[in-house]
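Sharing a structure below in structure tokens format, with a few things to ask.
Every read-out reported here was derived from the displayed coordinates using simple, explicitly stated rules and does not represent laboratory data. Nothing here was measured: the structure is a model prediction, and the numbers come from that model. For neighbour counting, all protein chains shown are included, and Cβ atoms are generated from backbone atoms with ideal geometry for every residue, glycine included.
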Amino acid sequence: MSAPGYFISFEGGDGVGKSTQSRLLGDWLAELTGREVVLTREPGGTSLGAELRAAVLHGEDMDSRTEALLYAADRAHHVASLVKPALERGAIVITDRYLDSSVAYQAGGRALDAKAVERLSLWAVDGLLPRVTVLLDLDPVVAEARRGTRDDSPDRLERAGDEFHRRTREAFLARAAADPARWVVLDADAPVEDIQAQIRVDVAARLGLTPVVDEAVDLSLATREGPGEPRPGEAEGA
Ligand SMILES: Nc1ncnc2c1ncn2[C@@H]1O[C@H](COP(=O)(O)OP(=O)(O)OP(=O)(O)O)[C@@H](O)[C@H]1O
Ligand SMILES: [Mg+2]
């Protein structure tokens, strides 16, 4: 599919900062490009998806194939009803998790065949891949400490154990290394602002927005030096 919009995904384990960083990137891209920005997530980006999300994360225990099929069903509906229409009208779509999460969690974590999980997901979305995927890489122990302050009860994946989360992290890194043209891998153990600054540089470069970024920087310099801006230390009305 070649639609006029841009499709971006955020990936990584639980609590690495995906929601925080995708929101900040969305605000910045909306301002920078003037385009509509759609922030969404998997599983559960649609109302059917919310039901599937509840079933897969908080429902009864299920075998790995059932789990993989439920994620794929959520993804198929998400792409067909929300992502594709938005890309077709020229929006920037930022999704918090996409099919790489399925491959990393179901194949890395649950030990299903990675190629099979990927094929299932690609079939579900008719081959749609993001232009850029940002992997926020973090030691699961650090991520868990961040999330420790939350009071909601842990879901089925969050309860899956340290070894599961370590394998999932390795699966994300291996996937990113295999397709460097699509992936941006960042160390998520840094201040929010520093990570966001790096994401902006890398995403703009991948989307070919670099001239616009340079222009924006020039403009902000011009404004700062323009008349009417009191310099630091200049007393008002003095
Ligand atoms: N760089 C950072 N340094 C320290 N704390 C952070 C950083 N980024 C996010 N946090 C905090 O860590 C927690 C998890 O962040 P966030 O919800 O963005 O992660 P997430 O990857 O979306 O998590 P989940 O997988 O649970 O949805 C939040 O309390 C957030 O404020
Ligand atoms: Mg989140």
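For q values of 0.14, 0.21, 0.33 Å⁻¹, compute log₁₀ I(q)/I(0) with the Debye formula on a Cα-only model of segment 172-211, without solvent.
Once normalised to I(0) and log-transformed, intensities are -0.35, -0.73, -1.03.
With N set to the residue count of segment 6-225, report its C-alpha Rg divided by 2.2 N^0.38 Å to two decimal places.
Numbers: Rg = 17.6 Å, N = 220, 2.2 N^0.38 = 17.1 Å.
Normalised Rg, Cα atoms only: 1.03.
Please give me, ordered by residue number, the GluC sites (Glu not before Pro) of segment 1-81 that lie in loop per DSSP and have at most 10 other Cβ atoms within 10 Å.
Values: sites: Glu11, Glu31, Glu36, Glu51, Glu60, Glu67; in loops: Glu36, Glu60.
Hits after loop and neighbour filter: Glu60.
I need Lys115, Lys84 ordered by Cβ neighbour count within 10 Å, fewest first. Each step should come with its number before you reach the end.
Details: Lys115 10, Lys84 19.
Ascending number of Cβ neighbours within 10 Å: Lys115, Lys84.
What spacing in nm lies between the two simple spin-label points modelled at Val141 and Arg23, each 7 Å away from Cα in the Cβ direction?
2.9
Given the Cα-Cα distance of Thr66 and Glu88 and 0.36 nm per residue of separation, how much length would full extension add, in nm?
Numbers: separation 22, 0.36 × 22 = 7.92 nm, distance 3.15 nm.
Result for the pair: 4.8 nm of gain on full extension.
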